[in-house]
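Down below is the structure, laid out as structure tokens.
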Amino acid sequence: MMIYAVDTWFILSIWNKEPKSQDTLNEIGQGKAQLVISYAAVAEAARKLMQQGNGWQSIETLWSMLESFEKIRFVQLDKTIALESARISMKYGIPLIDAIIAATAKLSGCDVLLSADEDMAVLAKKKYLKVQSW
């Protein structure tokens, strides 16, 4: 079973009902894949949605919908992820929020990180983790 991690880009694509993100959610709903979401991505996505003028109630509805999936796991920042995040942020020169998301993906045993972020592409080029976008 494929285990995906996601960054803010993917969460926003769910919000925007983009077909490929909806296909991924369907795959997860059918039990064919799992999704790992760092709470750092939750915070960044919520902030961006608020910046776009979206109401808190509709943002809460998005999280409730995602939390209802059996195969979606939300991951909190712990000491191991925090230290790995600091290491890769310094080593690869990427923002800490992206490093937290990447470290969460790596340490959670994910097969691929769904991301269109250029900083994540740097990590893929350095073979830290696999990254996929559309």
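A count restricted to the stretch 25-40 and to residues that are surrounded by 12 or more Cβ atoms within 10 Å (Cβ to Cβ), in a helix (DSSP H, G or I) and either in contact with a His (Cβ under 6 Å, 6 or more places away or on another chain) or not hydroxyl-bearing (Ser, Thr, Tyr) (or both) stands at 5.
Candidates in the stretch 53-82 are the residues that are β-branched (Val, Ile, Thr) and in contact with a Leu (Cβ under 8 Å, 6 or more places away or on another chain); of these, the one that is farthest from GLY31 (Cα to Cα) is THR80. Within the set ALA5, ALA45, ALA103, the sole residue that is touching a helix residue (DSSP H, G or I) at 6+ places or on another chain (Cβ under 9 Å), of a type in the set (Gly, Ala, Ser), part of a strand (DSSP E or B) and modelled with pLDDT of 95 or more turns out to be ALA5.
Do we find that GLN22 is farther than 20 Å from ILE97 by Cβ, of a type outside the set (D, E, K, R), surrounded by 14 or more Cβ atoms within 10 Å (Cβ to Cβ) and out of contact with any Gly (no Cβ under 6 Å at 6 or more places or on another chain) in this structure?
Judged against the criteria, GLN22 is not a match.
Residues in the stretch 53-83 that are part of a helix (DSSP H, G or I), among the charged types (D, E, K, R) and over 23 Å from LYS32 (Cβ atoms): GLU60, LYS79. Inside the stretch 64-81, can you point out the residues that are out of contact with any Phe, Trp or Tyr (no Cβ under 9 Å at 6 or more places or on another chain), touching a residue at least 12 places away in the same chain (Cβ under 8 Å) and not acidic (Asp, Glu)? Once the filter is applied, which keeps residues that are out of contact with any Phe, Trp or Tyr (no Cβ under 9 Å at 6 or more places or on another chain), touching a residue at least 12 places away in the same chain (Cβ under 8 Å) and not acidic (Asp, Glu), the stretch 64-81 yields PHE69, LYS71, ILE72, ARG73, THR80, ILE81.
Condition check for ALA86 on (1) within 25 Å of ALA33 (Cα to Cα); (2) surrounded by 12 or more Cβ atoms within 10 Å (Cβ to Cβ): one failure, at (1). With respect to the conditions (1) among the acidic types (Asp, Glu); (2) in a loop (DSSP other than H, G, I, E, B); (3) farther than 23 Å from GLN22 by Cβ, ASP119 falls short on a single one, namely (2).
Has the stretch 41-62 got at least one residue that is touching a strand residue (DSSP E or B) at 6+ places or on another chain (Cβ under 9 Å), surrounded by 15 or more Cβ atoms within 10 Å (Cβ to Cβ) and more than 15 Å from PHE10 (Cα to Cα)? No, every residue in the stretch 41-62 fails to be touching a strand residue (DSSP E or B) at 6+ places or on another chain (Cβ under 9 Å), surrounded by 15 or more Cβ atoms within 10 Å (Cβ to Cβ) and more than 15 Å from PHE10 (Cα to Cα).
Of the residues that sit in the stretch 89-116 and are of a type in the set (D, E, K, R) and under 17 Å from TYR39 (Cα atoms), which one is surrounded by the most Cβ atoms within 10 Å (Cβ to Cβ)?
Out of the qualifying residues, it is ASP98.
The values are calculated or read from the model by the stated rules, or taken from the named source; none is laboratory data. Here the structure is a predicted model, which means the values were calculated and not measured. Note that we place each Cβ from the backbone using ideal geometry, even for glycine, and neighbour counts take in every protein chain shown.
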